[in-house]
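Below: one structure, written as C-alpha cells.
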Amino acid sequence: MRENNENTGVLAALARSRPATLDPGRLAGSARQQADLQAILTSSAEQPAAGPTPARRPRTWRIAIPVAVVAAATATAAVVVIATSGTGPAPAAPKSTEAGGPTDTTQPAPPTGPVGPVVLLDMATAIAQRPAGEGVYWEQIYENGVTMITAAKPHPFVLIETSETRLSNATRPGLQNEALFRDAMFEPYRPQDWAAWRADGSPTTVPMAPPPGTPAGGPVQTSKIGPGPADSGAPMAADGTVGEFDDQQVTYADLQRLPGDATALADTLDQRYQQEKSSLRKGWPEVQWQWDTLTDLLTLPVTPAVRAAVYRVLAGLPGLVALGHVTDPLGRSGIGFGIPDSFNPGQLEEIVVDPNTDSLLSSQAYIQTPTAQERSVGITTGALQSYDAYRQIGWSNTQVSTGH
Amino acid sequence: MTDAQRYAGMYEQCYPRVLAYAASIVGRQAGEDITSETFLVAWRQWATLHTPPLPWLLGVARNLIREFRRRSGRQYELAVAEGRRLSTGADGPDIADDVAERVVLLRALAGLSDADRELLTLVAWQGLTTAQTAHVLNCSTATLSVRLHRARRRLERAVDAAGASRAHRPVIIAEEL
C-alpha cells in the first residue's frame with residue numbers, strides 16, 4: 001500500500017517528467033517578469049492594505065433568470081437598406097450609456113415590430129447622430145453567467161454560476177484602472193432546477209456531469225451550491241488600454257483611429273483578418289472572427305460613427321440569424337441576432353440589442369440544438385449556455401469602486 | 001527592509017512557480033497575464049499575506065483563470081488547449097529524442113482529465129503537500145487525499161497502457177510489481 005507515501009512510484013516519475021517549458025528555473029528572469037514587477041511597484045496603486053480588503057458593493061438582488069424566449073425566427077418585415085440622414089426619429093434625451101439600461105421587471109405589452117437586420121441598420125442611423133463625447137473612464141459593468149449540468153441524484157439539474165464584473169479603464173495617464181469581481185454564486189438555474197435540488201435534499205455540494213466523450217470511470221468533479229470563493233479586485237496603473245479587441249488589449253488612441261464608415265471598417269477588419277497574428281484567433285473561420293471582433297467593438301469606446309458602422313457591418317454578415325424578440329438574462333426585452341458558433345455546433349453566438357435605447361443588452365451563447373446530455377436535463381432550444389449581460393457600458397467620470 | 005523589497009524577494013521566488021502553474025492550464029501567453037494579475041492582488045494584500053505564499057498565490061491564479069473563462073469563454077477554450085499541449089510535452093523537444101520514461105508519463109498524462117492533470121501536477125511539479133493542494137483547489141484535505149489517491153491510480157493505469165504500446169517497458173512498471 002502506498003497511500004501514505006504519495007511521492008514514490010508514479011508521482012516521482014511524473015515529477016521527473018515535467019516538460020522543460022514548465023520548468024520554473026527556465027521560466028524565471030523573463031523580461032515580462034521584470035516589467036510586471038516594475039509596473040506593480042511604481043503604480044499609483046495604494047500602499048498594501050493595512051487590513052482586510054476594501055468592502056465591495058453589496059451583492060445586488062437579482063431577479064430570477066428566465067430562459068430566453070424566442071419568437072418565430074421568420075422575419076415578417078421586409079429587409080430594406082435604410083438611406084441615412086434626416087429620416088430617423090428625433091433623438092431622445094442624450095444617453096450616457098452605449099449598452100445596458102434599466103432592469104425593468106414590469107410586464108410590457110407583447111412585442112411587435114421588425115426583427116430583421118433592419119433593426120441594426122435603424123440603430124446605426126440613430127447612433128451615428130450622437131455627439132462624440134468622452135469621459136475620464138470607460139466603464140464596463142456586466143453580469144456573467146455560465147450554466148453547468150450536474151449529476152446530482154436522484155434528480156440531475158442545471159446549475160448556474162453567476163458573478164458581476166466591474167471594469168474602469170482610464171483614457172488619460174496618471175490614473176488607475178480597476179477590475180472588480182463580485183463573489184460568484186452557484187445555484188440552480190431554472191424553477192425546475194430549484195425543485196430538483198430541493199427534492200435531492202438541498203445538497204450543498206453536487207457532482208458534475210462529465211463533458212460528453214469523457215471516458216467512463218473518470219474523476220467526479222463537484223461543485224458547491226452557494227457563494228463561491230471571494231475574488232479580489234486588481235487595480236493597475238492606466239496604460240491607455242481600455243479593453244480587449246481581437247484578443248489583445250487595445251488603446252483608446254487606436255480605437256479612435258478606426259474608420260467611421262461601414263465599408264472602410266469592413267475593409268480594415270478584412271486586412272486585419274488576413275494578417276491575423278494573435279495565436280489565439282489565427283485560422284478562425286472568417287465570419288466567426290468578424291463576429292467576435294465586431295462585438296468586441298460594441299463594448300469599447302469608439303466614436304458614434306464607428307459604433308454605427310459596426311452595426312451596419314453586423315447587419316450584413318453572411319449567415320446572420322434573426323432570433324426575434326427575446327428577454328435577456330436581466331429580464332430586459334430586446335431583439336436577438338446570432339451566428340452559428342464554429343466551436344460549439346448546436347449553439348449560436350448571440351447579441352441582444354434594444355432598439356428603444358439603441359443599446360447592446362447582452363452577449364450570450366444560445367443553444368439552438370441541445371445535445372443529448374442537455375436534453376436529459378430538459379434544456380431546450382433557446383436556453384443559454386452562458387452570457388454577459390451588460391448593466392453599463394459607457395463613459396463615467398468616476399471609478400467603479402470609489403466613485404472618485 | 002521595506003515592504004517593496006520584501007515583496008520583490010517573494011516575487012522573485014514565486015513568479016516562475018505561479019507562471020508554471022498558470023501556463024500549464026492556459027498556455028504561456030494567457031498564463032503570463034494571469035500571473036501578472038495574481039501578483040497585483042498579492043501586492044494589495046501584502047500586509048495580510050499568508051506565509052508561505054505559494055499556495056495562496058496559486059489559489060488566486062486559479063480564481064483569475066475562472067474569471068478569464070467567464071469573461072472570454074472561447075479564448076479560454078483555446079488557451080486551455082495550449083495549456084494541455086504544454087503540460088503534455090507536445091510543445092517541447094522532439095518526443096523521439098526524449099527520455100523514454102518522460103514520453104510514457106506525458107503520454108499517460110495527456111489521457112487524463114484536466115482536473116486529474118491539475119491535481120497531479122500540483123503535487124508532482126509544484127511540490128505541494130496534500131494540505132497545500134487542498135487549499136489551492138478549495139476543498140478539504142480529506143477530499144483531496146481521496147481524489148489524489150484515485151488520480152494516482154488512474155495515472156498508473158494510463159502509464160501501463162502507454163508503456164505497453166512501446167517495445168520497452170519503462171522502469172516505473174518494474175517498481176509497481
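All of the numbers you see were taken from the coordinates with simple rules; none came from a lab. Since the structure is predicted, the reported quantities are computational estimates derived from the model, not experimental observations. Neighbour counts are summed over all protein chains in view; Cβ atoms, including those assigned to glycine, are modelled from backbone coordinates with ideal geometry.
In what order do B:39, B:68, A:343 fall by count of nearby beta-carbon atoms within 10 Å, going from fewest to most? Each step should come with its number before you reach the end.
Values: B:39 25, B:68 21, A:343 13.
Going from least to most buried by this count: A:343, B:68, B:39.
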Under 5 Å between amide hydrogens, which residues at least 5 positions from residue A:223 or on another chain qualify, with H placed 1.01 Å from N in the peptide plane? A:206, A:208
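Quote the FRET efficiency, to the nearest 0.05, computed for residue A:282 versus residue A:381 with a Förster distance R0 of 35 Å and r equal to the Cβ-Cβ distance. Before the final figure, lay out the partial values.
Values: r = 32 Å, r/R0 = 0.92.
Calculated value: 0.60.
Would you mind getting me the FRET efficiency between residue A:204 and residue A:12? Use the beta-carbon distance for r and R0 = 35 Å, nearest 0.05. The partial results should precede the final answer.
Details: r = 36 Å, r/R0 = 1.04.
So the FRET efficiency works out to roughly 0.45.
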Computed over the range A:252-335, the relative contact order (Cα-Cα under 8 Å, seq sep at least six) in percent reads 35 percent
Hey, what do the phi angles of the range A:149-166 turn into as Karplus ³J(HN,Hα) couplings, whole Hz, using 6.51/-1.76/1.60 and θ = phi - 60°, x for Gly and Pro? 9, 8, 10, 4, 10, x, 10, x, 8, 9, 9, 10, 9, 10, 7, 10, 10, 10
Placing +1 at every Lys and Arg Cβ and -1 at every Asp and Glu Cβ, with all other atoms neutral, what dipole size does the range A:135-266 have around its Cα centre, in debye to the nearest 20? 460 debye
Step through the residues of the range A:25-30 one at a time and calculate ³J(HN,Hα) from phi using the Karplus curve (6.51 cos²θ - 1.76 cosθ + 1.60, θ = phi - 60°), rounding each to whole Hz and writing x for Gly and Pro. x, 7, 7, 6, x, 6
Non-local amide H neighbours of residue A:399 (under 5 Å, H modeled in plane, Pro and chain starts lacking H): which ones? A:404
Using a Förster distance of 30 Å, how high is the FRET efficiency between residue A:155 and residue B:114, based on the Cβ-Cβ distance and rounded to 0.05? 0.65
Using the basic label-point model (7 angstrom from Cα toward the beta carbon), what is the residue A:216 to residue B:12 distance in nanometres? 5.6 nm
For residue A:361, the residues 5 or more places away or on another chain with a placed amide H closer than 5 Å to its own amide H are A:100, A:352, A:353, A:354
Pop out the ³J(HN,Hα) list for the range A:359-375 in order, Karplus 6.51 cos²θ - 1.76 cosθ + 1.60 with θ = phi - 60°, rounded to Hz; leave Gly and Pro as x. 10, 8, 8, 7, 10, 8, 9, 9, 8, 9, 10, x, 6, 4, 4, 5, 4
